[in-house]
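The values are calculated or read from the model by the stated rules, or taken from the named source; none is laboratory data. As the structure is a prediction and not an experimental result, all values here were calculated from the model. In this analysis, Cβ positions are derived from the backbone assuming ideal geometry, glycine residues included, and neighbour counts consider all displayed protein chains. Areas reflect the complete protein model, heavy atoms only, side chains present, ligands, DNA and RNA absent. Shrake-Rupley method; radii C 1.70, N 1.55, O 1.52, S 1.80 Å.
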Amino acid sequence: MAGNNSFMTSLLALLDSEKFMKDVTSSGIDQVDVKYYLSLVEKILHPKGNQGQSKSFNPPSEGKPAPLSSIINKLCCQITCEALHTNDASRAMELLFDKLSSFSWDAKAVLTLSALSVYYAENRHHAETEKDYKLVLAAELRGSRADKSAFAVLEDLIRVILEFTVCTVEFANYSESFRESTSIDIRARFYQIIVGVVGCSVPFCGMISTSNEFLELNLLPFSNRVMKIYKSFKKEVENFKQENAERLRYKQIKGLYRSTYDILGRMAVLFCTEKDSPTVYHCSEKTTVKLEVFQKKNVMLLISGLDLSNDDFILLTSIYSDSTFKSSNYEIMWVPIADVEDAVMEEQFQKKGSQMPWYSCNSIVSKASAKFIKKYWHYKQQTKVVVLNQEGKVVNMDAMTMIRLSGSEALPFTLERGCKLWDAHRNNWLKLLVNNTVFQSVEQSFVNRELIFLCGSAEDSKTVEEIENHLSKIKFPVKFFNINTKRKQFLFRLENCISWMMQANKEMPNSLMPGLPELYSSYKKQSGFAIVARGSSVIVNTSVTDLLKVLSKHELINNVTNTQDFETHFVACHNKVAPPSQCLEFSIPNMVGDMPEYTKCPKADCTLNMETVTTFKCCHGKH
């Protein structure tokens with residue numbers, strides 16, 4: 001009765017029964033040399049002697065006593081004779097676990113598997129070799145009429161159960177020190193192994209019996225489920241070991257980096273794998289060179305994904321080829337970071353590196369090093385340049401923003417240089433934000449101090465068009481620039497300006513100015529922004545909707561005939577339409593890496609620190 005599909009279906013359900021497993025008692029009173037007994041099982045169940053035996057286990061000593069032979073014999077009877085004569089899989093498992101109640105979970109599994117191996121070894125003599133399947137022929141002569149394919153499924157299941165057990169015992173020993181850091185339920189795996197052993201023993205019993213109970217038995221669903229569980233567990237184990245190795249490596253990197261005070265030592269810790277002779281790759285010469293090439297050099301670490309933008313690449317190439325750069329003892333090394341390392345990523349890494357004139361790591365940065373860079377250098381997937389001086393000290397956590405906005409003028413790329421350059425733009429941020437690379441002739445409009453309107457909206461292009469229509473009716477010349485036509489370039493410069501400003505604000509707490517973040521907030525939150533300026537001097541920084549309200553006042557358009565009067569009337573009208581808010585609130589783009597702990601309010605008559613609020617937002621790739 002036990003060999004029918006009903007029993008196997010119930011056993012299949014028990015494989016995933018968390019409730020049944022929780023009811024199993026495990027005192028762990030009786031001690032078992034699990035490794036010893038598992039090594040015996042491996043010798044028995046492996047088809048060709050020691051082939052494939054786990055290398056982590058020593059073979060048993062000759063003549064070593066087996067004091068647990070009594071319990072193994074009882075278990076052997078339980079998983080064969082007694083299981084064969086019951087219709088209830090749950091009851092059969094309860095009786096089995098009762099006999100195992102005094103053992104730990106690893107011992108339960110190995111002892112149950114030992115019982116199967118004893119029964120299997122004693123009865124498999126019907127076949128001379130596994131490949132001939134003579135056991136199947138013997139079964140047919142005895143009347144069970146089992147076929148070769150069924151026996152093959154059984155053999156595969158026994159092999160999987162053995163591998164599953166070896167893997168679980170090894171991991172249980174390995175993870176002993178990491179109980180708090182692993183979510184893998186070892187107990188559940190040992191439980192499933194025991195259920196799997198019973199799933200092997202019952203059909204094997206039926207196969208060599210004189211009855212025809214095995215004839216209708218379909219072992220394949222049960223076998224497939226066990227295989228799926230084992231593969232999933234094996235993948236979990238591989239991931240855990242890899243993550244643990246990365247944790248240990250990360251801890252090692254932190255310690256070594258902090259205890260190393262020269263540039264070669266710190267670069268070796270983060271970017272090199274060779275212990276004796278650390279190397280890097282010279283991209284243009286296509287050769288590996290020793291790390292000593294950076295001795296007494298200032299190094300700009302170009303940290304990016306494999307999608308380094310062409311604009312950044314061209315800009316840095318221009319700086320790299322400048323004679324002043326070379327004479328200042330500077331070098332650039334590319335530090336590529338990727339979340340996934342596979343053949344496709346490796347090909348992208350090789351292709352991108354082959355275009356560079358400077359140095360690079362020999363491979364994509366390890367996950368441990370990438371974790372260090374993300375945590376301590378605040379890398380957030382946006383390209384950045386970390387500058388190390390000749391002693392290996394970080395002199396600028398992110399020089400890329402000021403390089404994008406100032407080019408070679410940013411040399412020597414230190415934080416002090418960045419603060420000095422930024423301070424020069426404190427009262428003229430519009431000129432830094434918008435130049436001829438965004439709009440042709442805008443710089444000439446700055447020089448001529450023309451009346452300028454800059455407007456943009458990611459969602460409300462109709463309002464921007466209405467503004468342009470109103471401006472066309474003004475009786476004197478004005479310049480209108482529609483940011484929507486250059487949205488990507490403009491937003492990129494705006495984000496870099498704010499990032500640079502926040503970086504400088506850490507060193508000069510009073511250097512924050514509200515114009516740029518207010519502009520960014522209007523663009524992101526208020527359906528677009530509008531700037532009215534005389535030359536590069538901002539008159540009004542507002543939203544497109546408020547600007548349209550002001551321009552809709554017909555008397556402003558019809559009665560004012562010169563820029564001076566227009567400016568006076570415009571400001572007065574705007575103050576009525578959009579009075580200043582009681583609070584000063586603005587957003588910061590996520591590219592800002594090292595956020596300041598506090599920021600003083602930039603309003604002239606306020607001495608308070610601003611409240612910090614973190615906001616997460618997704619625009620689904622649309623600005």
- Can you confirm whether the stretch 467-477 contains a residue that is aliphatic (A, V, I, L, M), without any contact (Cβ under 8 Å) to a residue 60 or more places away in the chain and farther than 30 Å from Met397 by Cβ? no
- Only strands (runs of 3 or more DSSP E) wholly contained in the stretch 318-418 count here; list those with 1 or more residues that are at pLDDT below 95, under 24 Å from Leu432 (Cα atoms) and open to solvent by less than 70 Å² (accessible area, probe 1.4 Å). 384-388, 394-396
- Message: Restricting to the stretch 509-536, and then to whatever is closer than 23 Å to Lys420 by Cα and in a loop (DSSP other than H, G, I, E, B), can you tell me which residue is modelled with the highest pLDDT?
- Response: Ser536
- Message: Restricting to the stretch 33-84, count the residues that are at pLDDT below 85 and not in a helix (DSSP H, G or I).
- Response: 23
- Collect the residues in the stretch 299-311 that are at pLDDT 95 or above and either loosely packed, with under 14 Cβ neighbours inside 10 Å or over 17 Å from the mean Cα position of the chain (by Cα) (or both), keeping them in residue-number order. Val299, Met300, Leu301, Leu302
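Yes or no, residue by residue, for (1) closer than 30 Å to Val299 by Cβ; (2) touching a Ser or Thr at 6+ places or on another chain (Cβ under 6 Å):
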{"site": "Phe413", "(1), (2)": "yes, no"}
{"site": "Lys420", "(1), (2)": "yes, no"}
{"site": "Val438", "(1), (2)": "no, no"}
{"site": "Asn448", "(1), (2)": "no, no"}
{"site": "Ser457", "(1), (2)": "no, yes"}
{"site": "Lys473", "(1), (2)": "no, no"}
{"site": "Lys479", "(1), (2)": "no, yes"}
{"site": "Leu494", "(1), (2)": "yes, no"}
{"site": "Trp500", "(1), (2)": "yes, yes"}
- Message: Looking at Glu285, Glu292 in this structure, which one is in a helix (DSSP H, G or I) and open to solvent by 70 Å² or more (accessible area, probe 1.4 Å)?
- Response: Glu292
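Within the bounds of the stretch 408-415, is there any residue that is polar (S, T, N, Q) and either within 22 Å of Glu495 (Cβ to Cβ) or over 18 Å from the mean Cα position of the chain (by Cα) (or both)? Steps first, please.
Our first condition is that a residue be polar (S, T, N, Q); within the stretch 408-415, this holds for 408, 414.
Among the residues that remain, those that are also either within 22 Å of Glu495 (Cβ to Cβ) or over 18 Å from the mean Cα position of the chain (by Cα) (or both) are: 408, 414.
Yes.
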- Scope the stretch 252-282; condition open to solvent by 60 Å² or more (accessible area, probe 1.4 Å) and within 20 Å of His378 (Cβ to Cβ); matching residues: Arg258
- Go through the stretch 381-397 residue by residue and tally those that are of a type outside the set (Val, Ile, Thr) and within 10 Å of Ile303 (Cα to Cα). 3
- Message: Residues that are more than 22 Å from Val560 (Cβ to Cβ) and either in a helix (DSSP H, G or I) or at pLDDT 85 or above (or both): does the stretch 469-477 have at least one?
- Response: no
